[in-house]
Amino acid sequence: MKKHRFNDLFSSYPVIIESPIKMTYPNEVVTIYKGVFTLKIKEIEINLEGKLEFRWFPHPSVAYLGKPVDDITHIHTFIKYNGDISVFIDEKYFGKGPLIDINLGNPQSDFSFRGMISHPAIKGDQLVPVNQIIFSIPNFGDFIGYNVQKVSGSMNSAIKARLSLECKEYAISIDRHIDLKERLRNVSDNGGYHILSDGLVESKIGKITFEQSQEIMLSLSTFLTFVSGKRTSPIFRIGYLDNKESWKDYSSYLFDSYQYTESWMPKRITDDFKGLWLNYRKIWNDEDDKDFLQTAIHWYIEANTSKFLDTAIVNAQAALELLYNWWVVEQKQMMLGTDSDRISAANKIRLVVSQIEISQSVPRDFTFLTNYISRFPNILDGPDTIVQTRNAIVHSKKKNREKLNSINNEIKHETMQLSLWYIELALLKILNYSGKYINRVACITRQKRWEENVPWFNKTKTS
């Protein structure tokens, strides 16, 4: 096929989304503004010439540094003040936060002020409703998605880079960077943060207020956190009205620094993800059910990202008991009245496992765990293993401490993995997902990410 024929083919694909805010290497400082800005304490103000930047260390936040450009009569007011100081750019409020230090040099021109901006930090007019929002996502983007085109001069190229999420109110597109492999390698080598994906929210029902954009982004953040197995969130959010920039949100939201984290997310994105998002949004739109989703995903992430196995096991059981109460008791009403509270924790987890169509036995892939429970006839199955291990950690009487000493880290690790497997499958079943997932149990013996259909795949496809 001739080159122009390829260009014609590629031109049918949507153009890849690229944020105007760029990072070329991990942990690169992002310049927000250079010039004169104003610090205010009530009616007292001082003008500084300097810069405001988004910095990743020691923790992601906006910082400023500047030197006075005019009268510093009120310098002592700023030195003595312990509260948050307001920052204005071009006479528009940007944010507020503590003054970290004042360098009292000599002569006067050497004075400098250094501080930080607490959440939020917004440049522009957030009162203007918008119809598009462009954003970036740190440390998220290792997937194969739908085709997009990258236009470079007279040449077009295609890349399978798009994750599409759509509901009746808006459409969300997330495109991983075309140089993802290099970015992943760099952030893996250096740690910290790198922008791996950019995204776009487009309204389908009119303009989006800033408050509505916050709700959209919270919903998306929670969803992507569940998908990726670690905390992540859209940042550097830019609101546009009819392609004209209205505001930029430089606030620091909740996301983890780079580390390898297991998740259920398959490498290849299919249409099953669109259904997953729609079902997620249905639950999210009910306030009580939204609280369930946020809390369940919170406990799941706390368990999946914890550096301490004991903590992970305790957090995972908290998620499993929440799944029992919301799903088995409240939604399915499989247990009624006081009976729902009287059954043991192991039986609660068994009822959750019964809904995800897998065996309650400990998987044979877990060799350390299998050998361990074979020595204890009172440990009946997987749910029993989780509960007894958790109880030995939490209830620290002598008998439990002795039992805990007999459980090595390999056994604890497999107990944690079993718990997380249950949680992932339960949430996926609640969200009516019928596609492929990474089976973390199978990964142990195969030593690689193992994709397979969810256990209820055949029933879903034939129903």
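Can you tally the net charge around Leu48? Count Lys and Arg as +1, Asp and Glu as -1, for every other residue whose Cβ sits under 11 Å from the Cβ of Leu48.
On the way: positive: Lys51, Lys67, Arg114; negative: Glu45, Glu49, Asp70.
Around Leu48, the charge tally is 0.
Normalized C-alpha radius of gyration of the range 30-119, against 2.2 N^0.38 Å?
Expressed relative to 2.2 N^0.38 Å, the Cα Rg reads 1.00.
In percent, how large is the relative contact order of the chain, given Cα pairs closer than 8 Å and 6 or more residues apart?
Worked out over the chain, it gives 12 percent.
Could you line up Arg342, Arg401 from fewest to most neighbouring Cβ atoms inside 10 Å? Kindly include the intermediate steps, with their values, before the conclusion.
Numbers: Arg342 9, Arg401 12.
By the 10 Å Cβ count, ascending: Arg342, Arg401.
May I ask you to list the residues of the range 61-77 whose amide nitrogen lies under 11 Å from a point 7 Å from Cα along the Cα→beta-carbon direction of Arg114?
64-66
Counting other C-beta atoms within 10 Å, which of Met335, Met416 has the fewest, and how do the rest follow?
Met335, Met416
Nearest 0.05, what FRET efficiency do Tyr93 and Phe57 give at R0 = 22 Å with Cβ-Cβ as r?
Values: r = 27 Å, r/R0 = 1.21.
The value I calculate is 0.25.
Which ordering of Ser157, Ser19 is given by a fewest-first count of other beta-carbon atoms within 10 Å?
Going from sparsest to densest Cβ surroundings: Ser157, Ser19.
Cβ under 12 Å from Met334's Cβ, Met334 left aside: what net charge do those residues give with Lys, Arg +1 and Asp, Glu -1? Intermediate values should be presented prior to the final figure.
Details: positive: Lys332, Lys348, Arg350; negative: Glu330, Asp339.
So the environment of Met334 carries a net charge of +1.
If you take every residue apart from Leu196 with its C-beta less than 14 Å away from the C-beta of Leu196, what net charge results, scoring Lys and Arg +1 and Asp and Glu -1?
So the surrounding residues net to -1.
Can you grab the distance from the C-alpha centre of the range 379-452 to the C-alpha centre of the range 154-180, Å, no decimals?
35
Kirkwood hydrodynamic radius, computed over distinct alpha-carbon pairs, for the range 75-133: how many Å, to one decimal?
13.5
Once the cut-off is 20 Å, how many percent of the Cα-Cα pairs in the range 126-249 end up in the long-distance tail? The partial results should precede the final answer.
Values: 3559 of 7626 pairs.
That fraction is 47 percent.
Subtracting the Cα-Cα distance from 0.36 nm times the residue separation, let me have the gained length for Ser359 to Asn453 in nm, one decimal.
The span from Ser359 to Asn453 would gain 32.3 nm if fully extended.
Relative to the compact globular guide of 2.2 N^0.38 Å, what is the alpha carbon radius of gyration of the range 272-462, as a ratio? The partial results should precede the final answer.
Values: Rg = 16.7 Å, N = 191, 2.2 N^0.38 = 16.2 Å.
Output field value: 1.03.
What full-extension length gain, to one decimal in nm, is calculated for His74 and Lys22 as 0.36 nm per residue of separation minus the Cα-Cα distance?
14.9 nm
Counting other Cβ atoms within 10 Å of each Cβ, which trypsin sites (Lys or Arg not before Pro) in the range 14-72 have at most 15 and sit in a DSSP loop?
Those satisfying the criteria are Lys22, Lys42.
Given [x] 1.10; [y] 1.03; [z] 0.98, which label gives Rg/Rh (Cα atoms, Kirkwood Rh) as computed from the coordinates?
[y]
Out of the range 279-342, which chymotrypsin sites (Phe, Trp or Tyr not before Pro) are coil in DSSP terms and have no more than 14 other C-beta atoms within 10 Å? Kindly include the intermediate steps, with their values, before the conclusion.
Details: sites: Tyr280, Trp284, Phe292, Trp299, Tyr300, Phe308, Tyr324, Trp326, Trp327; in loops: Phe308.
In loop regions of the range 279-342 (DSSP not H, G, I, E or B), the sparsely surrounded chymotrypsin sites (Phe, Trp or Tyr not before Pro) are Phe308.
Please tell me the relative contact order of the range 117-204 in percent, rounded to the nearest whole number, where contacts are Cα pairs under 8 Å and at least six residues apart.
Reported as a whole number, the value is 36 percent.
Within 10 Å of each candidate Cβ there may be at most 12 other Cβ atoms; applying that plus a DSSP loop requirement, which trypsin sites (Lys or Arg not before Pro) in the range 158-191 survive?
Lys168
Read the figures in this text as sums done on the coordinates, not as results from a lab. Note that this is a predicted model, so its numbers are computed, not measured. Every residue, glycine among them, receives a Cβ derived from its backbone with ideal geometry; neighbour counts consider all protein chains shown.
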